[in-house]
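Asker: One structure is given below, represented as structure tokens, and several questions about it will come after.
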Amino acid sequence: MEYLPHEFVQFAQKKGVSENAILNLLGAEFSNSTLADDEDISWRKIPDIDSLDDENWRLLENFSKVYQLKKIARRRVFSSNNLYYNQTLDKVSLFEFNKYNAIRFETFKTKKEFVDNLTEKYVPYKSFAYKLPQLNNLSKDEWFIIVSLLELFIEKNPIPNSTYTPDELFVFTPDSLLQLIKNSSQRKEEYTWWGHWQKLSEHKIPTIEEIETAILVLVNKALAGYLEQSEKEDVYFVGKELVGIMNALAWWDRGFVIESEPIATKLYLFQADSLFVLVNENNKNYSLFNIDGEQLPNLLSNFMNVADKPNTAIDQKEPRKKINFCSNCGSSVIPGTKFCSNCGNKLN
């Protein structure tokens, strides 16, 4: 949360910070600044969880049913399961509540403002010159292998490097991935890839048998290959195309996740060297796309519109249409169509 000057001073004083320390932290000009007499900051007040049911605050029923948001800010994860608006102020707010406090993300007047605010930091990013179709339609266990390899990549290359070129074969064993993730889970004070992903997805660690099966699928997709057997363990290597994607994705540090309950789909947005979109359908089917940032507002708008429409169908218990996404532009497409209606891309 961002504080206005007087709010921060009051907060710091309540925490026992001395006036001299506040002056040293903020400077006299900032710490002594005041509000204009006519400035209305009532919208900034965070309601406690009980007051959200009073006469002024209302839960946005459609919004809250359709969207759950997790905001990523430099590898910190904030969850918001509900959107509220104040009837007197006509503002939309996102809150995370825990037993200690509430965190306000932003306030918005309209859904468009909500989308625009999420996308404005990402628009300039350019996509790579190549795609990797094999990263479409991965199971949860297969995506776990990708996450594990990203963790391994950072362990081998702890400093971001935009001119990275591999100087050795990137090898791993099923057991080495499992041990790496278990060790990562213990390093709770560090922003490890697996630790951060687990906060976003609430994934559990697969068994060694499930890991071995998932690796074989990646080998079949030509994302990895079998190298040899060493000390009774199968040794695999990562394909060069996947290494390139890993180098670009490993150092993402901000983004957000929007979950749509009616269509059982999540969009994970990762800002790294470029912009990545991970589409998760029914918590089973994972597809990773690298897109041009200018496509993002349209992708989000399509996703939110599709997510809004099934509400009536669900209330009437009509069958739910399965939604897929175009691998070129990320727009939603209905299975069975041969071409994307947004960019004309031929669909698989």
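The values are calculated or read from the model by the stated rules, or taken from the named source; none is laboratory data. Just so you know, these numbers come straight off a predicted model, no measurement behind them. Cβ placement follows ideal geometry from the backbone for every residue including glycine, while neighbour counts extend to all protein chains displayed.
Asker: So which helices (runs of 4 or more DSSP H) are wholly in the range 193-257 and hold at least 3 residues that are in contact with a Gly (Cβ under 6 Å, 6 or more places away or on another chain) and free of Cβ contacts under 8 Å to residues at least 40 places away in the same chain?
Answerer: Answer list for the range 193-257: none.
Asker: Only one of Asp234, Asp253 is under 30 Å from Asn82 (Cα atoms), surrounded by fewer than 18 Cβ atoms within 10 Å (Cβ to Cβ) and not small (Gly, Ala, Ser). Can you tell me which?
Answerer: Sole residue among the options that is under 30 Å from Asn82 (Cα atoms), surrounded by fewer than 18 Cβ atoms within 10 Å (Cβ to Cβ) and not small (Gly, Ala, Ser): Asp253.
Asker: Oh, and also: What strands (runs of 3 or more DSSP E) completely inside the range 49-138 contain at least 2 residues that are modelled with pLDDT of 75 or more, aliphatic (A, V, I, L, M) and buried (at least 19 other Cβ atoms within 10 Å of the Cβ)?
Answerer: Strands (runs of 3 or more DSSP E) meeting the threshold: 67-73.
Asker: Among the residues of the range 162-174 satisfying the criterion of being outside any strand (DSSP E or B) and touching a residue at least 60 places away in the same chain (Cβ under 8 Å), which is surrounded by the most Cβ atoms within 10 Å (Cβ to Cβ)?
Answerer: Among them, the one singled out is Pro174.
Asker: Taking only the range 258-282 into account, find how many residues are of a type in the set (Ser, Thr, Tyr) and free of Cβ contacts under 8 Å to residues at least 60 places away in the same chain.
Answerer: Of the residues in that region, 1 qualify.
Asker: Here is a list of conditions, (1) exposed (fewer than 14 other Cβ atoms within 10 Å of the Cβ); (2) more than 25 Å from Leu275 (Cβ to Cβ), and Leu216 meets all of them except one; can you say which number that is?
Answerer: The failed condition is (1).
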